[in-house]
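Heads up: the structure comes next, in structure tokens.
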Amino acid sequence: GLAWYLLPALILPGMLMIVFVRPDPKEIGQNLHRYYPGHAAPPHRTTAAPTHFSATHLLRHPAIRLAIVSNSAAQGNMSVVMVLTSLVLTHCGTTLTGIAIAGMFHSMGMFAFTIPLGKLTDRYGRDAVMFPGVATALAGAGLVAFTGSYAPVTLGAFLVGIGWAGANVAATALIADHYPTAVRGRALGFNDTCAAGVSVLIALATGPLIAWAGLSAAGFIAILLAVPPLLMLMIAGGSAKRMQVPATVAAESRSES
């Protein structure tokens, strides 16, 4: 139980530290010339950039809509697997230490590779990381739910973590490409809110689902949650070009960042 008691002790100071971040990164993004002397203005956008935030406008764009669905699907998938992993390993007779190690690999997948994933996203495109990320999470959920032994379950938990990271990093970058600094935070906040909402609903449903239909049923749901963005991509034609942001927009986004 000590790990649970440590959470508020760590979270509350973290919140306070964020409040005292100065200057606000938004201010830096809107005044790059003041913070980076000699900064060259990026090329003019080839597409009209929104100057105000609208959730309706956000969801109307096919690429952004698909990014939000991908991020939410990966988050929902992971919410099930985070509950499922401990239960499956307990049923396998794994010790608490073994379960903790599996959880460590899952967390490592979530956070340890975000920088290289970001570099891959910039180099090869948002879709080249986002959709493989969702597919990786799907495969990981299958290993957790249907293998029933320590090594593949731990591998599955790791794959779900790194799949979530890929989907999250790429979806965030894609949305940031389309919105200027002044409203980018609200657009990204909407994406995070959708993912968090799915996570809460899935977490509430997973326990009763396991009690009613068993561990395999929960694993099947975790797999199904990762399917919608892949189906949407297939319906859209599976063309990477349809997901690409104009080069000048991406260049401006990187310059503002």
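The values are calculated or read from the model by the stated rules, or taken from the named source; none is laboratory data. Quick caveat: nothing in here was measured; it's all calculated off a predicted structure. The area values use the complete protein model at the heavy-atom level, side chains included, leaving out ligands, DNA and RNA. Shrake-Rupley method; radii C 1.70, N 1.55, O 1.52, S 1.80 Å.
So what is the relative contact order of the chain, in percent, for Cα pairs below 8 Å that sit 6 or more residues apart?
Working: 354 pairs, mean separation 81.7, N = 257.
Once normalised by length, the contact order is 32 percent.
Sort all Cα-Cα distances of segment 46-121 into consecutive 5 angstrom bins from zero, then give the percent of pairs in each bin up to the one containing the longest distance. Taking all Cα pairs of segment 46-121, the binned fractions are 3, 12, 14, 16, 14, 13, 10, 7, 5, 4, 2, 1 percent. Using the 1.4 Å probe convention, the accessible area of the chain works out to 53 Å² per residue with neighbouring protein chains retained. Taking the accessible area of the chain, probe 1.4 Å, and keeping the other protein chains in place, the carbon and sulfur fraction comes to 71%. Accessible-area rank, largest first, for Met17, Met108, Met78: Met17, Met108, Met78, with all protein chains present and a 1.4 angstrom probe. Accessible area of Lys119, 1.4 Å probe, to the nearest 10 Å²? Looks like 140 Å² after rounding. Per-residue Karplus couplings for segment 59-72, computed as 6.51 cos²θ - 1.76 cosθ + 1.60 with θ equal to phi - 60°, are listed in order as 6, 6, 7, x, 5, 5, 4, 5, 5, 5, 5, 5, 5, 5 Hz, Gly and Pro entered as x. For Thr172, the solvent-accessible surface with a 1.4 Å probe is about 40 Å², rounded to the nearest 10. The smallest convex shape that holds all Cα atoms of the chain, its convex hull, gives 142 Å³ per residue. One quarter of the convex hull surface built on the alpha carbon atoms of segment 81-188 amounts to 7.1 nm², the projected area averaged over directions.
On full extension, the segment bounded by Ser107 and His61 gains 13.3 nm, given 0.36 nm per residue less the C-alpha separation. When the chain is treated as a Gaussian network with alpha carbon springs shorter than 10 Å, the biggest mean-square fluctuation among Val88, Val134, Val21 belongs to Val21. Rounded to the nearest 500, the helix-only mean residue ellipticity at 222 nm of the chain stands at -26000 deg cm²/dmol, with each DSSP H run of n ≥ 4 adding -39,500 (n - 2.57).
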